[in-house]
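Here's the structure we're looking at; comments come further down.
The values are calculated or read from the model by the stated rules, or taken from the named source; none is laboratory data. Keep in mind it's a predicted model, so treat the numbers as computed, not measured. We place every Cβ from the backbone using ideal geometry, glycine too, and count neighbours over all the protein chains shown. Side chains are part of the model used for accessible areas, which takes the heavy atoms of the whole protein and leaves out ligands, DNA and RNA. Shrake-Rupley method; radii C 1.70, N 1.55, O 1.52, S 1.80 Å.
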Amino acid sequence: MFKLLNTFSRLNICSNAAPARSIATDSSLWIQASSVLYGEPLKKKKKIDPAIVRAREDRKKKKIERAIKKLKRQANRPKPVDEIEVPYELIDQKELRERPAAQWSEEELLEKHILLKKWTLYKQQRRLEDLQLIDRMVYSQQRALDELKLASPRLYEAAIQIDPELLPYSTEGPVYTPPVKDYDSPDGEYLDVSKKWE
Amino acid sequence: MFKVSCVQRGIPLKFVNLVACSISKSYSSLAQHSSKDPENRISEKWDVMSAVCIERNPIVSRELNEMETKVASLLERLELENSKKCNFELKYQKEKAEFDKLKKTSTQVEDEEATIPSQDFIDKNTAELNNLQAAPRTTEADKNKDVKSLDRCLDSRLLLVIKKKLGNKSLWHLPQDVNREDETLRQTAERIVKETFGDGLNVKLRGNAPAGYYQYKYKQAPEETDQPVGAKVFFYKAKYLNGGFEPKNFEDFQWATREELKTLLIPPYYKDVSLFLIDEESRNIDS
């Protein structure tokens, strides 16, 4: 601090000899705040032995070739399907995982058999109804088209065109309970656990 | 015609005969329409019309009937018997055994502190399930018998019918209009939706071809020969997507179930309309 004051005071003395000089940062004194640029001569490129360069390139090439070979070898190998292969753990624990044997009384067995027989009849009836329904609708449409052909060939021509917007078709539901109105679903974390096969 | 179409679709012949018999029985009267002599047709002038059949699909599944409930519970039992114990069951078993052993050996363990971790997990999830409030399957509209609401009869298909003057009588029918010179029947159907219900209602037409046909004669006999004597109505099916509408261009409307259609529509009209409608699955069938 004192040192600085000293310099300033000496400046003051000097200023007596050359008056009207003070410290300022404006342009008149050419004190500049911009960065200073330095230059440096360019580096000379190192000379490498051409044999080493060639060897390097060869190594690169070989690496790629090896990768291609590996891919080619695996091209026809299907990726494993985890769902099909039974884990060894399960095979080992087979007895541990066994449930107690089912107990069916004579009556229950009889009831079961009768019910399943009735069920097949029931399903056959439903299937027949479905077929009749489809045929009825096809009949209705064919009848409409036949009538349209007689009424106006132009409209018939337009009606039998394929509608490209029908496919792909997607639909939702029905579900057991309707959606809750204004349901605020809690945010969960999304983890992609699917394996990558290369 | 039926036999050929079925065989092409690969349905066993045994069924086809049954199907064909039943159809030719019940719809033979309708088939007579198309066997009118052609000369008469040409001399008469008919209006060609489009009509739109807007349908809302069921939102909730129907209740199982008695037979289906029985079979469902049987299958559930069989499935459990044929299954093996899962990881969680094994874990639970192990922890339970350990817990019991601990209880036996050391009497100092306080009962309140020691619990089975898997049991806690089960309790927690059961509590969460019990807390869940699912939306009811029957709605306010069902209770109030509000036939204009889309919120009614969630488990069945609803058909949009309107009441409007046709000739001098006002009748329940599907919205219809005369086909103009420069448009196809499908374009007419799209125009009907726009004009009758406005831009708010979004529907999807199912294809370019009409699904059904109905014809009727106008009450007033035409004074001149070039006046149309009746209308040929071609029905287009449409699926309700979303949106609503203001009841403006007609007297009344209703989202009608299949049962209600029977009473709303006049019998010949109902007969032709029901031909191309999917039946509701029968709920109560004697086994």
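Below, the figures for the structure above:
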quantity: Neighbour cut-off at most 15 other Cβ (10 Å), DSSP loop, GluC sites (Glu not before Pro), region B:169-203; calculated: B:Glu181, B:Glu183
quantity: Under 30 Å from A:Lys196, Cα to Cα: lysines that are on another chain or at least 8 residues apart; calculated: A:Lys60, A:Lys61, A:Lys62, A:Lys63, A:Lys69, A:Lys70, A:Lys72, A:Lys79
quantity: Residue (of B:Pro58, B:Thr126, B:Asn168) at the positive-pole extreme of region B:48-203, dipole from beta-carbon charges; calculated: B:Asn168
quantity: For region B:79-185, radius of gyration divided by Kirkwood radius, i.e. Rg to Rh on alpha-carbons; calculated: 1.46
quantity: Accessible surface buried upon A-B contact (total; probe 1.4 Å; Å², nearest 100); calculated: 6100 Å²
quantity: Neighbourhood net charge (14 Å Cβ-Cβ; Lys/Arg +1, Asp/Glu -1) for A:Arg59; calculated: +4
quantity: Cα-centre dipole for region B:103-189 with unit charges at Cβ (Lys and Arg positive, Asp and Glu negative), debye to 20; calculated: 1060 debye
quantity: Separation of the B:Glu251 and B:Lys194 label points, Cα + 7 Å toward Cβ, nm; calculated: 2.9 nm
quantity: Region A:140-198: trypsin sites (Lys or Arg not before Pro) in DSSP loop, at most 11 other beta carbons within 10 Å; calculated: A:Lys181, A:Lys195, A:Lys196
quantity: Cβ-derived FRET efficiency at R0 45 Å, B:Thr105 paired with B:Asp142, nearest 0.05; calculated: 0.15
quantity: Cα-based reach from B:Lys143 at 17 Å (exclusive), listing aspartates and glutamates while leaving out same-chain residues under 8 positions away; calculated: B:Asp151, B:Asp155, B:Glu260
quantity: Whole-Hz ³J(HN,Hα) from phi, Karplus 6.51 cos²θ - 1.76 cosθ + 1.60, for region A:124-138, glycine and proline x; calculated: 4, 4, 5, 5, 4, 4, 4, 5, 5, 4, 4, 5, 5, 5, 4
quantity: Among A:Ser140, A:Leu121, A:Tyr88 - extreme Cα towards positive end, dipole of region A:51-198, charges at beta-carbon; calculated: A:Tyr88
quantity: Prolate/oblate/rounded label for region A:53-97 (Cα gyration tensor, a/c 1.5); calculated: prolate
quantity: Number of partner chain Cβ atoms within 10 Å, mean per residue of B:226-234; calculated: 2
quantity: Inter-site label distance for A:Lys72 and B:Leu80 at 7 Å from Cα along Cβ, in nm; calculated: 5.9 nm
quantity: Heavy-atom accessible surface of region B:109-191: percent carbon and sulfur, 1.4 Å; calculated: 48 percent
quantity: Residue-normalised accessible area of region A:108-198, expressed per residue, 1.4 Å probe, Å²; calculated: 81 Å²
quantity: Separation of the B:Lys91 and B:Tyr216 label points, Cα + 7 Å toward Cβ, nm; calculated: 6.7 nm
